[in-house]
Amino acid sequence: MGFWVGNWLHDPPSKEYDSTGKRAIIKHLCFGPVETQIWYESVDGQYYCELHIIEGLQAGDVFLDRISKAKMLEAIVTEIDLCKSLGEAELATVFQAEKDKVEK
């Protein structure tokens, strides 16, 4: 249940925390050049944006920024708007539920 925008695959949020204590809320995977952008919540309630560059001139670089709740909400709203504009109503509903969780 994801959708493509150009070379970018937009995946739905994770339901559980992974073994490193992260729960992905927004996941973008690019396949040309390969890189990932993941906005996630840590088990301690902090929000982060993580960029992994997997191939190309900056291959191996990882950028990690702690972001505010407001920035996370802004990113989720952008994803909701994108889903709606591309006819991905079911996924827009999933992201709306994530927005509601973050707002609490």
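The values are calculated or read from the model by the stated rules, or taken from the named source; none is laboratory data. Only a predicted model underlies this, so the values are computations on that prediction, with no experimental measurement involved. No Cβ is skipped: glycine too gets one built from the backbone with ideal geometry, and neighbour counts run over all protein chains shown.
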Only one of these is at pLDDT below 95 and among the acidic types (Asp, Glu): Glu90, Glu103, Glu55, Glu79. Name it.
Glu55
Could you name every one of the strands (runs of 3 or more DSSP E) located completely within the chain that has at least 1 residues being surrounded by 11 or more Cβ atoms within 10 Å (Cβ to Cβ), within 12 Å of the chain's Cα centre (by Cα) and free of Cβ contacts under 8 Å to residues at least 60 places away in the same chain?
8-11, 22-31, 34-42, 47-53
